[in-house]
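Working notes, beginning with the structure itself.
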Amino acid sequence: MYLDPSGEFPIGLLIIGVLLFTPVGGVVAQTAISALSYAGMSAVAVGDLIFNGGNGAWTDMNRIKWNPFSTDESAVFASNGISFYKGSPVFLKDSGRSGSFYFISLNRYSSYDTLRHEKGHSYQAMMMGIGTYAITVGLPSWQKWGLCSNSSTYYNAPWETMADVLGGVQGRTHTQTEGSGAWSYYYKNHFIIPSIFYW
């Protein structure tokens, strides 16, 4: 009983399913990307010090005191290009929308609330898993589907409301109904019930 002597149980598929569609996979993905990013940023920072006098990545890492869990939002925005915020790697850019998928791509001219919102998405990604997050949050947000298609209702979409709440956004408020809808959306889509119901 509960043995598989012939090796027919698809254990590989089970592992893939766990990694793609559960918080286990979400946490593993965040941990791996954060660790690799920190190692890479550290190497670039040391190279910057040795070859360029330390005015770029070295300065960026010093701004956050080399702490990947830094909560200093001003240090993130003051960086030349790389930073960390509450465990997530941050890469700054000069134009385009900010976004996140286990790392934060941040427009340097956006607000602190944008950083907080994107960090909220990072928490979502850990809570949902890679596949669930990509399907039910990443795609509708990136493609501006449903409520996201209208700029006046963008942050009222349940997945965006949840990111606001989890990230601690201060400049937008949500009703109790919107908050409840956000958590309902999370629970339903955590079990891969299509988010098409909200589009």
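Read-outs throughout are calculated quantities, based only on the coordinates presented, and are distinct from any laboratory measurement. Source: prediction; values computed, not measured. Reconstructed Cβ throughout: ideal geometry from the backbone, glycine too, with neighbour counts over all protein chains shown.
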Please arrange Glu178, Glu160 by how many other C-beta atoms lie within 10 Å of their C-beta, fewest to most. Glu178, Glu160
Per DSSP H run of at least 4 residues, take -39500 (n - 2.57); add these up for the chain, divide by its residues and hand me the 222 nm value, nearest 500 deg cm²/dmol. -16000 deg cm²/dmol
Given [x] 51, 47, 30; [y] 63, 52, 24; [z] 69, 45, 40 as possible values of Cα extents along the principal axes in Å, the one from the coordinates is [y]
Can you say what percent of the DSSP beta bridges in the chain, counting only those with both residues inside, are antiparallel? Round to 5. 60 percent
Need the list of aspartates and glutamates near Lys93 for cross-linking: C-alpha distance under 20 angstrom, and skip anything on the same chain fewer than eight residues off. Asp48, Asp60, Asp72, Glu73, Asp113, Glu118
Using a Gaussian network for the chain with springs between C-alpha atoms less than 10 Å apart, which of these wobbles most: Ile11, Ile50, Ile104? Ile11
If packing is taken as the average number of other Cβ atoms within 10 Å across a peptide's residues, how do 20-27, 67-74 rank, most packed first? 20-27, 67-74
In the chain, taking the dipole from +1 charges on Lys and Arg beta carbons and -1 charges on Asp and Glu beta carbons about the Cα centre, the listed residue (Trp183, Asn107, Ile82) farthest towards the positive end is Asn107
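Any of Lys119/Lys144; Lys86/Lys144; Lys86/Lys188 with alpha carbons more than 23 Å apart? Name them for me.
Numbers: Lys119/Lys144 19 Å; Lys86/Lys144 27 Å; Lys86/Lys188 27 Å.
Checking Cα-Cα distances, Lys86/Lys144; Lys86/Lys188 exceed 23 Å.
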Work out how much length Asp94 to Phe69 would gain on full extension: take 0.36 nm times their residue separation and subtract the Cα-Cα distance, in nm to one decimal. 6.6 nm
Result row for the chain, helices from DSSP H with C-alpha axial extent 20 Å or more and mean Kyte hydropathy at least -1.0, is 23-52
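Can you list the chymotrypsin sites (Phe, Trp or Tyr not before Pro) in the stretch 87-182 that are in a DSSP coil and have 14 or fewer other beta carbons within 10 angstrom? Could the numbers behind the result be given before it?
Numbers: sites: Phe91, Phe101, Tyr102, Phe103, Tyr109, Tyr112, Tyr123, Tyr133, Trp142, Trp145, Tyr154, Tyr155, Trp159; in loops: Phe101, Tyr102, Phe103, Tyr109, Trp145.
Answer in residue order: Tyr109.
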Pop out the ³J(HN,Hα) list for the stretch 78-92 in order, Karplus 6.51 cos²θ - 1.76 cosθ + 1.60 with θ = phi - 60°, rounded to Hz; leave Gly and Pro as x. 7, 6, 6, x, 10, 6, 9, 9, 6, x, 9, x, 10, 10, 8
